[in-house]
Each structure stands twice: as structure tokens, then as C-alpha cells.
Amino acid sequence: MDSKLSILMIAAETHPFAKVGGLADVMGALPRALEKRGHEVRIALPFYGSIKKKGWRTKKIKGLDNVDVVVGDESFEASAFSTSLPDSKVEVILIQNERFFNREGIYSDPETGKPYDDNAERFIFFSRASLAIARRAGWKTDIIHCHDHQTGFVPAWLRHASRQIEFPESTRVIFTIHNLAYQGSYPKEIGYKAGFGEDVLKPMGALEFHGNVNMMKAGIVFADMITTVSPTYATEIQTPEFGYGLEGVLKARCDDLVGILNGADYTVWDPQRDKFIAQRYSLKNLDGKRVCRKDLLKKLNLEIPDTTPLIGMVSRLVAQKGLDIFMDAFESIVDLDYAIVILGLGEPTYHEMLKSKQAAHPERISLNLAFDEALAHQIEAGCDMFLMPSRYEPCGLNQMYSMKYGTIPVVRKTGGLADTVIDFDASQDSTGFVFEDYSPEALLEALRRARRVFDDKAAWLSLVKRAMARDFSWDRSAGEYERVYLESLKRKVVTRR
Ligand code: ADP
Ligand code: GLC
């Protein structure tokens, strides 16, 4: 077998074209790391209205337009446009269809914050179109790598015994779970629209979940191999607490499930080359970090002395991220003489709660309800600590970015946070503060410990330096994906019912 693999990634987000969360960061980096290892990688991504609006240079691919794609009883046309990931040859295939993608948002309407009510149809169309276009183009495809529930029907189309979509026998299909809580569970009709029958949609059927059809389950049941984004999360999702009802299905496939820690993209997240920050810095010369803190405080209109540590949070504002224990601990955090900057967007209830905290302590909290890439970088560079009190966290990327910026992560011991941050009291190699219980008390205790070390300048500086020296480059993760691809190619293809 040729050691150079031809890989088609199918995903709903890719940085820098379309980003909601970490999935985009992964798609912007993993393909490049695989390319560096000698593989040929393409990414299929919807041609969202927002991508058009930003004016990315794209070109229509000859012969790949007006491809018919069936969704339910209707047929829609897909056309493919091409662009590439910055500084790489990784081709991004933008799948265009006016009706499904010519709108501003990725999953939700930015005006109302509500998910589009035809999301199931949009992503069935996108997934089917990606396969149809790959076949029409005649790309040699060794691996189809699908990401998250939006693409979960792909493995089912290829591996259900009825083989809805024919692909060469030699192609393997891998499914990566980035977040098990978002499953794409829809009324059964959606299953019919995707072309499936009663055999898999009936109670206890392979795609059935509490009377609905479940796209995440489809990916898990039918993929040749399954990965998720950290080793700890791979174990956690096989338990009721983290499995969201799919723990049994995952357990049944535990021999084909691998946890691969995400990397950090240091072409984007490195204080030595960051284009968004006030002054660049490095492990050898930390002067710039002080400048960045000053600059950030000025931007945020916060006036605090050097002795007050500044905590950053950049996050989707949803239950996953531990906002309820943060809110409960909030007054005590202020009492510990911390200042906090928050950048995030999410559920309106969290927006309101955070607004009331800010109203109570405007001198201590800067609240930024927005999606702002530049500010995210400035927070990484300008803060002293970065807080991620997540209830669960499949991998989490900001704690890895934070370490590189010498911004000490304070995290809950779950998923990828547990796999990347070493607690101050646990080891001489410590890189942050880790707490175990999901409670405001445990969070506060970690911040109390962090505060004590912060006050000891020498101890803090060596902690900062240890954190900055950690290396989470993508190459290691890409090597692990490569092993999964090669393993899947060695195995016999199994179809299921
Ligand atoms: P998740 O994918 O669950 O949202 P991750 O930690 O994997 O969490 O990745 C989140 C990514 O999204 C990071 O790159 C983070 O900086 C970015 N991000 C989240 N919210 C915002 C925001 N409001 N503005 C800018 N970037 C954001
Ligand atoms: C998901 C998870 C996050 C992970 C990201 C990229 O959005 O919530 O923990 O880092 O995917 O894999």
C-alpha cells in the first residue's frame, strides 16, 4: 500500500473560513499537519453566506457544478468551489447551494440566536453532496474522515448493509466525536429524508434514539473506526454521566474507539508571532507580556494594580462551560481580589446573569458579549490566568493556548483538561491549577491556591515558564490519526444493519 494517503475531511466548520468553536480550530490545523506528513488532504465545507461576504478568493471547479443531491422527495443542486487553507496546499472544497447556505449563520440565525429549523436537511444535503462531488471528481479517496453529528449519516450511507452510496471498497470511513452532547436527534421523518428505512428507524433500530433518528449514533454505529478528542473523554463517554444516552453504543464499539488529544496551532496561537497582540514575547523575553496586560486593561477600561491578578475566560456561554459554579463563586472570587475579563456568546440566560454581575462590580469585571477573534488573542496574552471550570470538556483548546502565552490555566479535572494541565501541588512539572469536584467551593479553593502562588513572584515566574515550555504541536496528534487511518485500512470492512 502507498504510504501517502488521500483523505477527505467532511466538517461543518473550518478556521479561518467558518468558526463557532474548537471544531474550526481542529479543521484549520489537523489537515495541514497531515499534509506535512506527506498525505493529500481535502476538506469539504458548506459555502456559507458569511464566507462569501468576507470575500475569500475562491474558484469554481469545472465539471463539479449542478450535481444532483437528493434529500427526501426533492433534488437539489450542489456546486463546488475551491480555495485552500492558508500557507498550505490543503484544498477546501466549498459546497454551494443557495437555499441551504446563503445565509449569515452557521447553525443559528445571528439575529435571533435560534438554530435554523432546517439544519437536519442542510447537513444531510451537505454530507451527501460531499460524497457525490468526491465521486464525480474521481478523487482517489483512501479515507473519508467525518466530524461530529452533522456528518454522522455518512458512515451509515456507506456501511449499512444496503449500501445506499457506493464508494470503492478500499475507502475507509472514520468518525470523530468532538462533543457528544450535540447529537442531531430529529423526528423520524428526517431519517426517511436521509434515505433510511424502518429497519434502522424502528425502536431499537441502529439509528433510533428515543423515537427519533440520531445522527451522532449513526456515525458511531457505522464508522469503521471512531475517535474522540482526548483519551480521558474517550473513557468518560462510555459512562452514563458523560454518554448522554449513547454510552451503551460507545461501549459496544470500545475496541474501535480511540482518544486522540487535539493539538494547538502555533502558527495562529503563539505570542512570538501573534498579529493581534500589542507586543510579541517569548519564553526568553517576557517583557511583551506586561505590555499586553497594560494594553488589554486599557482596552477594557479596567484599572487594577499589578498585584491584582487578571483572569480571562473566552468561551461559548453554555452549560458545558461551568458557568453556574462560576456564578455561584463570583462574589468570593472578587473578594480574593481578582479581576475578570469574559469574552463569549451563548445562551441568553447566561448573558443576563453575567450582565448583573458586571453591574454589581463594574470595576472588577469586563464583559464582552461578542465573537471577537482579536480580543480572544489579546486576552490570552494579557491575562495572568485563564479559567475553564467546565462541567465536561472533550478536549478544550484554550488551556493549551494559555500555556503557550504564559497565562496559567485554572481548570476542572475533566476530559482534555485533565489530560493537558498538571496541578501545581501534584508535581514539580506543574503547569496550572486543577480542581476535581464540580462545585463553587472546589473552584474557589483552586483560585485561592493560585492567588497564593501569584503573590510569590519567583514561584509564579517559574510556573509561567514551565507552562510556556509545554509543547502541544499538532504533529504528534496527526501521527496518531495516521495510525488510526492505517489500522482501519488493514481491517476488513464490516457492514451492519
Ligand atoms: P468549544 O469547541 O467547546 O467551544 P474549545 O476550547 O475547543 O471549546 O475551542 C473554542 C475556540 O473558540 C477557541 O479557539 C476560542 O478562542 C474560540 N472562541 C470561543 N468563544 C469565542 C468568542 N466569543 N470570540 C472569539 N473566539 C472565541
Ligand atoms: C468541541 C469540544 C471541545 C473541543 C473541540 C475541538 O467543541 O467542546 O472541548 O476542544 O470540540 O475538538
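Listed here are the pairs K53/K289; K89/K114; K321/K404; which of them are more than 24 Å apart at the Cα?
On the way: K53/K289 35 Å; K89/K114 36 Å; K321/K404 21 Å.
The pairs that break the limit, which is 24 Å between Cα atoms, are K53/K289; K89/K114.
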Amide hydrogen neighbours beyond the local backbone of S108, cut-off 5 Å, H modeled:
Y116
Taking +1 at the Cβ of each Lys and Arg and -1 at the Cβ of each Asp and Glu, which of L444, V421, A459 sits farthest along the dipole of the range 287-472 towards its positive end, judged by Cα position relative to the Cα centre?
A459
Amide H proximity to F472 below 5 Å, modelled H, separation 5+ or other chain, gives A264
Rounded to the nearest Å, what's the spacing between the alpha carbon centres of the range 196-237 and the range 147-167? Just the number, please.
11
Provide the per-residue ³J(HN,Hα) series for the range 228-241, in order, calculated from phi with Karplus coefficients 6.51, -1.76, 1.60 and θ = phi - 60°, each as a whole number of Hz, with x at glycine and proline positions.
9, 8, 7, x, 5, 5, 4, 7, 4, 5, 8, 10, x, 4
Computed over the chain, protein heavy atoms only, probe 1.4 angstrom, the accessible area per residue in square angstrom equals 40
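Which of the trypsin sites (Lys or Arg not before Pro) found in the range 54-91 are in a DSSP loop and have at most 16 neighbouring Cβ atoms, other than their own, within 10 Å?
Working: sites: K54, R57, K59, K60, K62, K89; in loops: K54, R57, K62, K89.
Within the range 54-91, the qualifying trypsin sites (Lys or Arg not before Pro) (loop, at most 16 other Cβ atoms within 10 Å) are K54, R57, K62, K89.
Classify the range 1-64 as rounded, prolate or oblate, taking a ≥ b ≥ c as the square roots of the eigenvalues of its Cα gyration tensor: rounded when a/c is under 1.5, otherwise prolate if a/b is larger than b/c and oblate if not.
Working: a/c = 2.49, a/b = 1.43, b/c = 1.74.
Note, shape of the range 1-64 comes out oblate.
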Dipole of the range 379-496, Cα-centred, from +1 at each Lys and Arg C-beta and -1 at each Asp and Glu C-beta, to the nearest 20 debye?
400
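To the nearest 0.05, what FRET efficiency results for D68 and A319 with a Förster distance of 25 Å applied to their C-beta separation? It would help to have the intermediate numbers written out before the result.
On the way: r = 41 Å, r/R0 = 1.63.
Step by step, r from the Cβ atoms, then E = 0.05.
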What angle, in degrees between 0 and 90 and rounded to the nearest 10, separates the Cα long axis of helix 323-335 from the longest principal axis of the Cα atoms of the chain?
10
Please work out the C-alpha center-to-center distance from the range 27-56 to the range 289-361 and express it in whole Å.
33
At 222 nm, what helix-only mean residue ellipticity would the chain give, in deg cm²/dmol to the nearest 500, using -39500 (n - 2.57) for each DSSP H run of four or more?
-11500 deg cm²/dmol
Rounded to the nearest 10, the angle in degrees between the Cα long axis of helix 119-137 and the longest principal axis of the Cα atoms of the chain comes to 60
Taking 56 Å as R0, compute the FRET efficiency from the Cβ-Cβ separation of K298 and Y192 and round it to 0.05.
0.45
Cα shape, the range 287-472, gyration tensor, a/c 1.5 rule:
rounded
Prolate/oblate/rounded label for the range 170-218 (Cα gyration tensor, a/c 1.5):
oblate
J(HN,Hα) series, the range 256-271, from Karplus relation 6.51 cos²θ - 1.76 cosθ + 1.60, nearest Hz, glycine and proline x:
10, 10, 10, x, 10, 5, 4, x, 10, 8, 7, 7, 10, 10, 8, x
Enter the angle in degrees (range 0 to 90, nearest 10) between the Cα long axis of helix 348-360 and the first principal axis of the Cα atoms of the chain, meaning the one along which they spread out most.
10
With θ set to phi - 60°, apply the Karplus curve 6.51 cos²θ - 1.76 cosθ + 1.60 along the range 212-217 and write out the HN-Hα couplings as whole Hz, x wherever there is a Gly or Pro.
9, 9, 10, 5, 5, 4
Could you work out how far apart the two model spin labels at E169 and K60 are, taking each label as a point 7 Å from the Cα in the direction of the beta carbon, and quote it in nm?
3.9
Taking 0.36 nm per residue of separation between E331 and K89 and subtracting their Cα-Cα distance, the length gained on full extension comes to 82.1 nm
Okay, which of the range 360-392 sit inside 11 Å, backbone N to the point 7 Å along the Cα-Cβ direction of E111?
none
For the chain, which whole percent of the accessible surface, found with a 1.4 angstrom probe, sits on carbon and sulfur atoms?
50
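First measure r as the distance between the Cβ atoms of S6 and H210, then evaluate 1/(1 + (r/R0)^6) with R0 = 30 Å and state the FRET efficiency to the nearest 0.05. Before the final figure, lay out the partial values.
On the way: r = 38 Å, r/R0 = 1.28.
Between S6 and H210 the formula returns 0.20.
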Using modelled amide H (1.01 Å from N, peptide plane; none on Pro or chain starts), what sits under 5 Å from the amide H of I422, excluding residues fewer than 5 places away?
T431, G432
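The values are calculated or read from the model by the stated rules, or taken from the named source; none is laboratory data. Small disclaimer: the values here were computed from a predicted structure and weren't measured. Here Cβ is always computed from backbone atoms with ideal geometry, including for glycine, and neighbour counts include all displayed protein chains. Note: accessible area is taken over every heavy atom of the protein model, side chains too, but ligands, DNA and RNA are not part of it. Shrake-Rupley method; radii C 1.70, N 1.55, O 1.52, S 1.80 Å.
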